[in-house]
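Notes follow the structure.
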Amino acid sequence: MRPGQGAQSLFGKSRKGDFLSGTGPLPHPATQRQYPMGGRVGERAGAACAARRIPNNPPGLVFRDRARNLAGMFGLLKPRVPARKRFSATVSARLEANAEVTKATVDGIQFYYHPNFLDRTQCDAMIRMIDADRRPSTLLSEQADDGFRTSESCDMSRWSPDVRPIDEAIADLLGITHENGETMQGQRYAPGQHFRAHHDYFHESEYYWQRMKNEGGQRTWTAMIYLNDVAEGGATWFPTAGIRVAPKRGLLLAWNNMKPDGTPNEMTLHEGMPVEKGVKYIITKWFREASWLAQAGM
Ligand SMILES: O=C(O)CCC(=O)C(=O)O
Ligand SMILES: [Fe+2]
């Protein structure tokens, strides 16, 4: 069986290799290698702003935290639900209330899609920006090998007149403040290029976690948009959840990288399958549990 065959198809009946039925988890060698998603997410912004970083514990916050702790000890406050858990409930409720959004009928992962989230003009503008700025994609994990992510990518200029409205529309769709969103990533895959199976969430046992923890913390929801149709290949495959999506211009996917209890969901393992014919362009937006923008100083 070829990778992705037999997975639940969300789109298209006639396209080569398109969806069949929901057969549940599928074996694939790449699933044995679970590297965390990396990329250049905000690297430039982070470097540029390091000198202006907000102190970790401004005095007002220390006082507020102490007051909260004391109040908590005396049972005056209900414990706050951590954002990772809160977003699992609030974002899915918001998406389910949106008539343009459909929930994928899979178990074990909160997964939604919105066809035509962007129109042709918006997609073309994003593609032009990616083509102007693309460079080899990178990974956070030092253990990953060279062939793991062979696409090209770039940071999408956050405040530019083309990107900003899209950024805000995605944040509004999910109901998470755009401040929690990392700089949007553009990606381009030429024929033969792929992104092997990975999780978008950070593996908290890895060395990079200490830094990420102070830069907005864990990644919660991912929003990803296809900017064009691809002649063959290039599907996004979730081998464990049993979902495979063929690229379609303007189609937005949104999934929660956490479980409803706010812990990382291993079933979100996914890969960008090799493009066989044509070129694939996407944008991806990762939302942290806290403000990413505050540390970036953008
Ligand atoms: O290219 C794809 O279909 C997947 C991309 C992806 O996993 C990501 O940007 O995190
Ligand atoms: Fe990913």
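The values are calculated or read from the model by the stated rules, or taken from the named source; none is laboratory data. These figures come from a predicted structure and were not determined experimentally. Glycine gets a Cβ as well: all are built from the backbone with ideal geometry, and neighbour counts include every protein chain shown. The protein model used for the area step is the full one, side chains on, heavy atoms only, and it has no ligands, DNA or RNA in it. Shrake-Rupley method; radii C 1.70, N 1.55, O 1.52, S 1.80 Å.
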Inset, instruction - At 1.4 Å probe size, with no ligands or nucleic acids counted, give the accessible surface of His178 in Å², nearest ten. - result: 50
Inset, instruction - Round to the nearest 10 and report in Å² the accessible area of Asp131, as given by a 1.4 Å probe over the protein chains' heavy atoms. - result: 60
Inset, instruction - Rounded to whole Å and sorted largest first, list the principal axis extents of the Cα atoms in the range 237-290. - result: 40, 25, 14
Legend entry - 3J(HN,Hα) from dihedral phi, the range 236-252, Karplus parametrisation 6.51/-1.76/1.60, rounded to Hz, x for glycine, proline: 9, 10, 10, x, 7, 7, x, 10, 9, 10, 7, x, 8, 3, x, 6, 9
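Using the Cβ atoms and a cut-off under 9 Å, what net charge is assigned to the surroundings of Phe202, where Lys and Arg are +1 and Asp and Glu are -1? Provide the component values of the computation, followed by the final result.
Details: positive: Lys213, Arg219; negative: Asp200, Glu204, Glu206.
Result for the local shell: -1.
Above 16 Å lies some portion of the pair distances; for the range 191-232, what is it as a whole percent of all C-alpha pairs? Walk me through the numbers before you get to the answer.
On the way: 486 of 861 pairs.
Taking all Cα-Cα pairs of the range 191-232, the fraction more than 16 Å apart is 56 percent.
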Inset, instruction - Can you send over the solvent-accessible area of Met129, 1.4 Å probe, protein chains only, in Å² to the nearest 10? - result: 50
